[in-house]
Amino acid sequence: MLAVEAALAGLRLDQALARLLPGESRSRLARLVEEGSVLVDGGRARPADRLRGGERLEVTLAPRPEEAAFRPEDIALEVLHEDEDVLVVAKPAGLVVHPGSGNWAGTMLNALLHRVPSLKSLPRAGIVHRLDKETSGLLVVARNEAAMQDLVRQLQARTVKRTYLAIVRGAVPEEGTVEAPIGRHPTQRTRMAVVRGGKPAITHYRVRERFPAHALLECDLETGRTHQIRVHMASIGHPLEGDPVYGGRGARRLPRQALHAWKLAFVHPRTGRTVRFTAPPPPDFEALLEELRRGR
């Protein structure tokens, strides 16, 4: 309950609320008024209504979406390995790794907090690298601060080995390296692109299997830029099949980019030994490969 002091008399309701609740934006407060979450002397009002002074305001502040982002959620995870220092998870396509705009709940982070509550004490719940929402495959998660610092150092030193499987369009050379800087697209800010002044990015690829109009590639990352494989392969004229952003025109044979984080290797933070993990491609990826093998 808030009291409207005499000094606020004559102000609009949304203006008075902005002074009484300086931590909230005026636009949010106006929206709360319009939704009926602000009552003036027990009744609904409009943002533009003028106050006389002496009124009683009842304000119901629902949590912001981002305030709910770090809540545990009972979401199933396929955990390939778990010990006191790390978890290795096989992420399905469609699962967002970390909360963000438009995806404040239902993420892998929420699932991790449910499985290992102690992760709430770590930045990003121990997540040290990510995969796109529609990319499937392997991720390592730290379970304590020492392991997190060690894994971050390994990523920075480029000693974490990540191998992806990608189905691309066109007749690709047997093997090659794409070394081209990646940054925000100059006009389409939700996309990445090869741009002058972008961050260095290096992708090595080799053909595992050929089809009439496609190829299955192994891709090894030296760097981990946003959308790196998708951008690099599109930049050389061989976009990933199914990619809704970088795939160009034409029918999509998969409702997502055909990209799978297949193999992962890193030095275990406690033992100092290299550990390696492999996750087979999910059914939709394998089904597309079978179609291509049959020449469909």
Across segment 71-124, the tally of residues that are among the small types (Gly, Ala, Ser), assigned to a helix (DSSP H, G or I) and at pLDDT below 95 stands at 1
Taking segment 279-296 and the residues there that are over 29 Å from Arg191 (Cα atoms) and free of Cβ contacts under 8 Å to residues at least 60 places away in the same chain, the one that is surrounded by the most Cβ atoms within 10 Å (Cβ to Cβ) would be Glu291
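Considering Ala166, Ala251, Ala142, Ala157, which residue is within 22 Å of Lys263 (Cβ to Cβ), out of contact with any strand residue (DSSP E or B) (no Cβ under 9 Å at 6 or more places or on another chain) and hydrophobic (A, V, I, L, M, F, W, C)? Full working, then the answer.
Values: Ala166 fails: out of contact with any strand residue (DSSP E or B) (no Cβ under 9 Å at 6 or more places or on another chain); Ala251 fails: within 22 Å of Lys263 (Cβ to Cβ); Ala142 fails: out of contact with any strand residue (DSSP E or B) (no Cβ under 9 Å at 6 or more places or on another chain).
That would be Ala157, the only listed residue that is within 22 Å of Lys263 (Cβ to Cβ), out of contact with any strand residue (DSSP E or B) (no Cβ under 9 Å at 6 or more places or on another chain) and hydrophobic (A, V, I, L, M, F, W, C).
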Out of (1) modelled with pLDDT of 95 or more; (2) among the small types (Gly, Ala, Ser); (3) assigned to a loop (DSSP other than H, G, I, E, B), the odd one out for Ala251 is which?
-> (1)
Restrict the check to segment 249-259 and report whether at least one residue is in contact with a Pro (Cβ under 6 Å, 6 or more places away or on another chain), touching a residue at least 12 places away in the same chain (Cβ under 8 Å) and not assigned by TED's automatic domain parsing to the domain that holds Val128.
-> no
A careful count of residues in segment 33-70 that are closer than 26 Å to Asn110 by Cβ and either modelled with pLDDT of 90 or more or surrounded by 13 or more Cβ atoms within 10 Å (Cβ to Cβ) (or both) gives 6
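The values are calculated or read from the model by the stated rules, or taken from the named source; none is laboratory data. Since the structure is predicted, the reported quantities are computational estimates derived from the model, not experimental observations. Every residue, glycine among them, receives a Cβ derived from its backbone with ideal geometry; neighbour counts consider all protein chains shown.
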